[in-house]
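Trainee: What follows is a structure written as C-alpha cells; I'll ask about it next.
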Amino acid sequence: MPQLAQLLRFAEMPNVTIQVLPLTEGAGPAMGRDFIILKFREEPDLVYLEQLTTSLYLRDNLDEVTHYGMIFEHLRATALPESKSLALIADRMKEWA
C-alpha cells in the first residue's frame, strides 16, 4: 500500500495526472507493450521502448511516433477520469488496510 499512497502524493503535483484503466476495458492496443513518449520544446517527440535485453528509441519515423501518440490518447480517453481514479485508489487503500 505504500505505493498507492505514493501515487496519491504524486497526484498533488501540478505536472502529474494519474488515471486508472479498469480491467473491464479488456486488452487495449498497448497490452504488453510499455512505452514512454518524451516531449521536448525544441526537438521532435521521442518514443522510448524498453525490452527484455535492450531498449529502442523511435524518433526518425514520424508515422511510428504518431502511432504511439494515438495509442496513448486512446488509453487516456478509455481510462477513468483523474478524480474517479484517485477515489478508486483511496477506496482500495481503505479496503485493503
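Trainee: Given the conditions (1) modelled with pLDDT of 95 or more; (2) touching a Phe, Trp or Tyr at 6+ places or on another chain (Cβ under 8 Å), which single one is not true for residue 56?
Mentor: Among (1) modelled with pLDDT of 95 or more; (2) touching a Phe, Trp or Tyr at 6+ places or on another chain (Cβ under 8 Å), the lone unmet condition for residue 56 is (1).
Trainee: Any chance you could count how many residues in region 5-37 are modelled with pLDDT of 95 or more and over 12 Å from the mean Cα position of the chain (by Cα)?
Mentor: The qualifying residues number 10.
Trainee: Next up: When residues of region 45-95 are filtered for being not charged (D, E, K, R) and not in a helix (DSSP H, G or I), how many remain?
Mentor: Adding up the residues that qualify gives 16.
The values are calculated or read from the model by the stated rules, or taken from the named source; none is laboratory data. Remember, it's a predicted structure, so these values are computed and weren't measured experimentally. Because the Cβ atoms are built from the backbone with ideal geometry, glycine has one as well, and the counts that use them run over all protein chains shown.
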